[in-house]
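Read-outs: derived from the displayed coordinates by stated rules, not from any lab. All figures in this text were calculated on a predicted structure; none of them were measured in a lab. Neighbour counts run over all protein chains shown; Cβ positions are idealised from the backbone, glycine included.
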Amino acid sequence: MNAERIPGKQPDETLKQFVRKFSTLEGRQPRAMVCQNQERKADEKVKVISVDLAGLGFDVDIGIPSDSFKELGMNAIENDADVLILLLPPSDLNREFVSDLEEFFSEKGYSDLLILNLPEDYSPQYFIEVLIQWFEQTLE
């Protein structure tokens, strides 16, 4: 367990502590962009995730649905996103999409941007733990 974690506290309190530390170091709140591809209709999960992130202290943008990794990548860069949360159904095509996004961000100098493709059945605990791990690496 990292020294930054709050012993005996819930993981969301630890995440909020990381958000405060990030805010102090960067002079702004961490930014998350939540999006889905065009084949999925407006999804309640986008709203729920966005509200949850805002409650944890993130600035949140809802990305324009896109099937182009370049268009989505540029949208994330233009919005100065630190975390890109995707709601894509599991498939080989979507794994390739995420891989192309990672390569795109690396080429543009944004390899530290977290890309998180949430599975349909993700748990809030999983989501929080991934964000905590990202902060632990980012704020070293």
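In this structure, the amide hydrogen of Gln36, modeled 1.01 Å from its nitrogen in the peptide plane, lies closer than 5 angstrom to those of Ser66, Leu87, counting only residues at least 5 positions away or on a different chain.
With +1 assigned to the C-beta of every Lys and Arg and -1 to the C-beta of every Asp and Glu, and no other charges, what is the dipole magnitude of the range 66-126 about the Cα centre in debye, to the nearest 20? Write out the running numbers ahead of the final one.
Details: 3 positive and 14 negative charges, 11 e Å.
Roughly 60 debye for the range 66-126.
What value, in deg cm²/dmol to 500, does the helix sum -39500 (n - 2.57) over DSSP H runs of n ≥ 4 give at 222 nm once divided by the residues of the chain? Display every interim value, and only then the final one.
Working: 5 runs with 69 residues, N = 140.
Helix-only estimate at 222 nm: -16000 deg cm²/dmol.
The alpha carbon radius of gyration of the chain, expressed as a multiple of 2.2 N^0.38 Å, is 1.03. Label positions at Asp43 and Glu13, each projected 7 Å from the Cα along the C-beta direction, are separated by 3.2 nm. Between amide H atoms placed 1.01 Å from N, distances below 5 Å from Asn117 occur with Leu86, all of them 5 or more places distant or on a separate chain.
Compute the FRET efficiency between Asp100 and Ile62 as 1/(1 + (r/R0)^6), taking r as their Cβ-Cβ distance and R0 = 30 Å, and round to the nearest 0.05. It would help to have the intermediate numbers written out before the result.
On the way: r = 21 Å, r/R0 = 0.72.
With R0 = 30 Å, the Cβ-Cβ based efficiency is 0.90.
Among the lysines in the chain, how many pairs, 8 or more places apart or on different chains, have alpha carbons under 24 Å apart?
Numbers: Lys9/Lys21; Lys16/Lys45; Lys16/Lys47; Lys41/Lys70; Lys45/Lys70; Lys47/Lys70; Lys70/Lys108.
For the chain, the number of qualifying lysine pairs is 7.
Positive contributions from Lys and Arg (+1) and negative ones from Asp and Glu (-1), summed over other residues with Cβ under 13 Å from the Cβ of Arg28, come out at -1.
Here the Karplus curve 6.51 cos²θ - 1.76 cosθ + 1.60, taken at θ = phi - 60°, turns the phi angles of the range 121-133 into couplings of 9, 4, 10, x, 4, 4, 4, 5, 5, 5, 5, 4, 4 Hz, with x standing for Gly and Pro.
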